[in-house]
Amino acid sequence: MPASVILGATALAASVPLLWWAVATTRQPASRVVVQNLAGGQAQLADLRRVLLEKSAGERALAPAVAALAARARRVTPAGMVDAMERRLVTGGVAHWGIERVLAAKLGLAIIGVFLTLALWGGSSTVGLLAGLLFVGVGFFGPDAILSGRVQARQQAIERELPDTLDQVTISVEAGLGFEAALARVAQTGTGPLAEELSRTLQDIQLGLPRRDALDKLVRRTQAPDLMRFVNAMRQAEGYGIPIAQVLRVQSAELRDKRRQRAEERAMKIPVKIVFPVVFCIFPTLLVTILGPAAIRLIRTWPN
């Protein structure tokens, strides 16, 4: 018998036990596979529990309390006010606060105001009762006032930055860039709320949203009147086929004029605003300083 046949038979005989060992170790009973999967799931649950336990005790106790306060605040707050508050969170650029935290803060401060009312009232003091009720009102409506202030400050910042931003966009478009490319350049080099909103608008366009719809979303997020007029002008330019560079040039010039007029208006209001500090703070001090020594001398020299 040839030696090659003997070697082949020997190799085949040796491979049969090896093949059986490999198949026997890789194929497992279905019950064993199920047990391993369940064990893996339990390990994952244990890992999640460990992650939760890694948080501080304050965080684990504060989150359920905030959720409970927010749920009760929703019951006493009209749905329209809650929706308006959510819109103001987006418009003010503080959407990360979360509507739940704001509602919990409103109710929590109002409860603190109630305790102050009970402490100051004393059962008979009308002044204490009025002061406590004032604390309750300030506590409940204070977050709304803070949120409205953030919205107004952000809108004013956008209106201040808009003329310079449009100038940069106009220069870029006249240099040969497209409108989206010009906005991207301005968003990359700029800072502030307007640059952030333009970056978000460009992201919407890159995700497939039409430019018209992306600009409409920009207006709804900011609620800035000047930006709204600019978007309307861009929409009309697209509808009538007017060159974008011409529209941008006209809009930037108009916004610069409006910004100068607003600055002049604020300057004209300063004399009126300064009257009250002068009358109630400066004039009494001057009168005491000038007439005080004379009054003291008159009192000393006045015959008894």
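Read-outs: derived from the displayed coordinates by stated rules, not from any lab. Remember, predicted model here, so these are calculated numbers, not experimental data. Using ideal geometry, Cβ is built from the backbone for each residue, glycine included, and neighbour counts are taken over all protein chains shown.
Quick one: 3J(HN,Hα) in Hz for the range 285-296, Karplus 6.51/-1.76/1.60 with θ = phi - 60°, rounded, Gly and Pro as x.
With coefficients 6.51, -1.76 and 1.60, one gets 5, 5, 5, 5, 5, 7, 8, x, x, 5, 5, 5 Hz.
To the nearest 20 debye, what charge dipole does the range 124-263 have about its Cα centre, counting +1 at the Cβ of each Lys and Arg and -1 at the Cβ of each Asp and Glu? Walk me through the numbers on the way to the answer.
On the way: 18 positive and 16 negative charges, 42 e Å.
Here the size comes out at about 200 debye.
Would the range 152-226 count as rounded, prolate or oblate if I go by the C-alpha gyration tensor, calling it rounded below 1.5 in a/c and otherwise prolate when a/b exceeds b/c, oblate otherwise?
Details: a/c = 1.85, a/b = 1.13, b/c = 1.63.
Taking the square roots of the gyration eigenvalues as a ≥ b ≥ c, the range 152-226 is oblate.
If r is the Cβ-Cβ distance from Thr77 to Phe280 and R0 is 45 Å, what FRET efficiency results, to the nearest 0.05?
Values: r = 39 Å, r/R0 = 0.86.
So the FRET efficiency works out to roughly 0.70.
With just the Cα atoms defining each centre, how far is the range 244-298 from the range 136-193? Give it in Å.
Spelled out, the Cα-based centre of one part sits 26 Å from the other.
Using a 10 Å cut-off on Cβ atoms, rank the peptides 270-280, 237-247 from the highest mean neighbour count down. Walk me through the numbers before you get to the answer.
Details: 270-280: 9.4, 237-247: 13.6.
Descending packing order for the listed peptides: 237-247, 270-280.
Using packing as a proxy for protection, rank 101-107, 150-156, 172-178 so that the peptide with the highest average count of other Cβ atoms within 10 Å comes first.
Details: 101-107: 21.1, 150-156: 16.6, 172-178: 14.3.
Listed from highest to lowest mean packing, they are 101-107, 150-156, 172-178.
Count charges around Pro163 for me, please; just the other residues with Cβ under 14 Å from its Cβ, Lys/Arg as +1, Asp/Glu as -1. Don't skip to the answer; put the middle values down first.
Numbers: positive: Arg160, Arg229, Arg249, Arg256, Lys258, Arg259, Arg260, Arg262; negative: Glu159, Glu161, Asp164, Asp167, Asp226, Glu254, Asp257.
Every neighbour counted, the sum reads +1.
How many nm separate the modelled label positions at Gln246 and Ala95, each set 7 Å beyond the Cα in the direction of the Cβ?
3.7 nm
Full extension from Ile112 to Leu207: what is 0.36 nm times the residue separation minus their Cα-Cα distance, to one decimal in nm? Working shown, then result.
Details: separation 95, 0.36 × 95 = 34.20 nm, distance 4.64 nm.
Between Ile112 and Leu207, full extension yields an extra 29.6 nm.
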